1. I'm trying to understand the selection: among the residues of segment 101-114, which are in a helix (DSSP H, G or I) and under 16 Å from R34 (Cβ atoms)?
2. Within 17 Å of A101 (Cβ to Cβ), touching a residue at least 24 places away in the same chain (Cβ under 8 Å), assigned to a helix (DSSP H, G or I) and not small (G, A, S): which single residue out of V87, V46, V35, V53 fits that description?
3. Looking at D38, is it out of contact with any Lys or Arg (no Cβ under 7 Å at 6 or more places or on another chain), exposed (fewer than 12 other Cβ atoms within 10 Å of the Cβ) and either of a type in the set (A, V, I, L, M, F, W, C) or modelled with pLDDT of 80 or more (or both)?
4. Would you confirm, using the coordinates I've provided, whether R121 is out of contact with any His (no Cβ under 9 Å at 6 or more places or on another chain), of a type outside the set (A, V, I, L, M) and assigned to a helix (DSSP H, G or I)?
5. Please give the number of the condition R67 fails out of (1) surrounded by 15 or more Cβ atoms within 10 Å (Cβ to Cβ); (2) in contact with a His (Cβ under 6 Å, 6 or more places away or on another chain); (3) modelled with pLDDT under 95.
6. Given (1) more than 26 Å from F28 (Cα to Cα); (2) buried (at least 19 other Cβ atoms within 10 Å of the Cβ); (3) of a type in the set (K, R), identify the lone condition not met by R97.
7. Inspect all residues belonging to segment 122-130 and state whether any of them is among the hydroxyl-bearing types (S, T, Y) and surrounded by 12 or more Cβ atoms within 10 Å (Cβ to Cβ).
8. When you go through L55, L48 one by one, which is the residue that is of a type outside the set (K, R), in contact with a Phe, Trp or Tyr (Cβ under 9 Å, 6 or more places away or on another chain), modelled with pLDDT of 95 or more and surrounded by fewer than 16 Cβ atoms within 10 Å (Cβ to Cβ)?
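The values are calculated or read from the model by the stated rules, or taken from the named source; none is laboratory data. Bear in mind the structure is a predicted one, so any value in this text is a computation, not a measurement. Neighbour counts are summed over all protein chains in view; Cβ atoms, including those assigned to glycine, are modelled from backbone coordinates with ideal geometry.
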Amino acid sequence: MSSDPPATTPPTPPWADPPADPRPQYEFDDAQNRVIADLALAIVWVRLPLLVVGLLQAVIATGLVFRLKLDGAHVVAVLSHALAAVVAFLLAGWLGRAAEAFARITTTKGSDVTHLMTALRSLGSWFDLLAFFVKLYLALLALLIVLLLVGLLADAFRGPA
């Protein structure tokens, strides 16, 4: 009887491809592969501007860092542009992984479902982040409407007497 602890497998990171499924998988036909390849290309075309936006936001944030000595108020702008760069790079990264997985569906045999699930996970992450910002926007819009209504009811928008 051995006193060694049982071997454990480290968890697979969420961005890694899942291990190959030993079961046979559905294989898309040529017409389906063309649709998937077109989608992969469209995703790449959306990803490229996101990368440019991320790069420009990073450049703006870096430039504003040098203005901090002259005007400390630029710290909000630096943080805003840096956050925008990070978000753009995250979105572009998830789109890149999705496009790559969709392209693998059309160029490999025997792993179409595995690649499809990888692509869908990447798109899911993309839409989760996008949904967060839509919800944040709607919450801020609702707050603004409430503040405006309170201001109207309190007669705060009356001009000078």
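1. First, pick out the residues of segment 101-114 that are in a helix (DSSP H, G or I): 101-107, 112-114.
Within segment 101-114, F102, A103, R104, I105, T106, T107, D112 meet the criteria.
2. On the way: V87 fails: within 17 Å of A101 (Cβ to Cβ); V35 fails: touching a residue at least 24 places away in the same chain (Cβ under 8 Å); V53 fails: within 17 Å of A101 (Cβ to Cβ).
Step by step, each of V87, V46, V35, V53 is checked, and only V46 is within 17 Å of A101 (Cβ to Cβ), touching a residue at least 24 places away in the same chain (Cβ under 8 Å), assigned to a helix (DSSP H, G or I) and not small (G, A, S).
3. Working: out of contact with any Lys or Arg (no Cβ under 7 Å at 6 or more places or on another chain): yes; exposed (fewer than 12 other Cβ atoms within 10 Å of the Cβ): no; either of a type in the set (A, V, I, L, M, F, W, C) or modelled with pLDDT of 80 or more (or both): yes.
So D38 fails the test.
4. So R121 fits the description; yes.
5. (1)
6. (1) is the only condition that R97 fails.
7. Pass one, segment 122-130, residues among the hydroxyl-bearing types (S, T, Y): 122, 125.
From the residues that got through so far, the ones that are surrounded by 12 or more Cβ atoms within 10 Å (Cβ to Cβ) too are 122, 125.
Checked against the condition, which is being among the hydroxyl-bearing types (S, T, Y) and surrounded by 12 or more Cβ atoms within 10 Å (Cβ to Cβ), segment 122-130 yields at least one hit.
8. Values: L48 fails: in contact with a Phe, Trp or Tyr (Cβ under 9 Å, 6 or more places away or on another chain).
Just one listed residue meets the conditions, L55.
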